[in-house]
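Single-structure report; data block below.
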Amino acid sequence: MRLRDKITMPKRPVVVYEILPPRIIDGTIESYAERISSLLSQTHIDAINIPEVHSEKTRGKRPVEETERAEPREFGKIIQDSVGIEAIINRVTVHGSDGSQKDWLVETEEEFGIENVILVGGESGKIKYSGPSVVRLSEVVGLLNSDNGTEIFLGGIALPSRKVESERMQRKSRSGIDFFTTQVLYDSKDICKMLTYYGDLCKQNKETPKRVLLSFAPISTVKNLEFLKWLGVEIPEKTEKDMIEDESIIKSKSIEISMGVLEEILHYISKNRIEVPIGLNIEHIMSYNFQLSVELLQKMSKRYRKFCMESEIHSQ
C-alpha cells in the first residue's frame, strides 16, 4: 500500500521516522543508509521523512556547528531502494521562482522516484522572500498533477503555538495539502487546542480533516535541547528544568516526558472525541541519538497503535 493511501485512510496507523541527510564527513550515503536500515529493522515504520536544511538569520546564532550534508533527494532515493520504504522530502518553497520550484518537483518524481513532498514556508512573515508561498506552490502542484499526470503527494507543516493555525491549515488543505507534520512537541496544551479548533473548523465547513503527524524527538544532551529551542521548539520552563537538572539521566527523562505528552494528547482526543486523524513522526535530531530515537519510536509506536485499535473498537 502506498504511503498516500495509508495517510488518507483515517483509521489506519501511520508512523514516520525523520532523519537528516548524512553529513558529508560521515562517509558515503550508502553506508549511512545501511546503518538506518539495521536500526529500523527493530520496528515498523511507514516512511522516512528527510528535512531540507536551510540556515535562517532570524534564528540567531546556531548552537551547533553547521556542516555540509548530502542532497536529500539522493539520500531519499537510496533509502527507498535499499530499505524498501517510501521517502518524504521536505522542500522550502520561498527560495527561487515558481518555475524553478516546479522543475524541482517534477525532477524529484521523475529522476529520483520520490512523490511525497512536504512544503515548508519561510521563517518569518516579515521577510519578503523571492519564492512562492506554500499555498501558491501547492496550487501549482495541483495543476501539474492534473495536466501532466504527475502524482506528487503534498504535506505541510503545522505549528501548534502559532495563532489561528487551524485557519492556516484549512487554507493549505484547500490548496492541495493532504497531511501535516507538527513541530517537535514537549507540551500537550497547544497541540490539543489546535486539533480542537481545526476539527471544529472542518465540521463547520463540512470538510474532511487532514491527518496530523505528531512530532517527537529524544534529547541526550543539553546541546540537543538548545538546538531544539533554536529551531523554535516550545519547551516549558519546568520541563526544561526537569531534564537538565541531572544530565546523567537526561536521556531517560526526555523519553519519559515525551511519553507523558503523547499520553495527554491521546487522552484528550478520546475524551473530547476529536475527529482529526493523527500519526507519529519521530525525529533523531543528532546522529548520536539514533539508538535513543529508535527506543522512543518503539515505545510511542506501541502506545499509539494500541490507541488506534481501541478507537476502532469504540467507533463500531
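Annotations for the structure displayed:
- The alpha carbon radius of gyration of the chain, expressed as a multiple of 2.2 N^0.38 Å, is 0.96.
- Here the range 203-316 is assigned +1 on the Cβ of each Lys and Arg and -1 on the Cβ of each Asp and Glu. Its dipole about the Cα centre then comes out at about 540 debye.
- In terms of the mean number of neighbouring beta-carbon atoms within 10 Å, the peptides 231-241, 270-280 order highest first as 270-280, 231-241.
- Mean-position separation - Cα centroids, the range 194-263 and the range 65-133, in angstrom: 24 Å
- Cα centre as origin, Lys/Arg/Asp/Glu Cβ charges: the range 265-316 dipole, Debye: 160 debye
- Carbon/sulfur fraction of accessible area - the chain, other protein chains in place, 1.4 Å, %: 49 percent
- Net +/- balance of residues flanking Leu262 in space, Cβ distance below 13 Å, scoring K and R +1, D and E -1: +1
- For the chain, a crude dipole built from +1 on the beta carbon of Lys and Arg and -1 on the beta carbon of Asp and Glu, taken about the Cα centre, is about 1120 debye to the nearest 20.
- Å² per residue, accessible surface of the chain at 1.4 Å: 48 Å²
- Taking amide H as placed 1.01 Å from N in the peptide plane, the amide H of Tyr129 sits under 5 Å from none that are at least 5 places away or on another chain.
- Here the Karplus curve 6.51 cos²θ - 1.76 cosθ + 1.60, taken at θ = phi - 60°, turns the phi angles of the range 80-90 into couplings of 4, 6, 8, 8, x, 10, 6, 9, 10, 10, 7 Hz, with x standing for Gly and Pro.
The values are calculated or read from the model by the stated rules, or taken from the named source; none is laboratory data. Computed from a predicted model, the values in this text were never measured in an experiment. Ideal geometry is used to build each Cβ from the backbone, glycine not excepted, and the neighbour counts take in all protein chains shown. When the accessible area is computed, the model is the full protein with side chains, heavy atoms only, and any ligands, DNA or RNA have been set aside. Shrake-Rupley method; radii C 1.70, N 1.55, O 1.52, S 1.80 Å.
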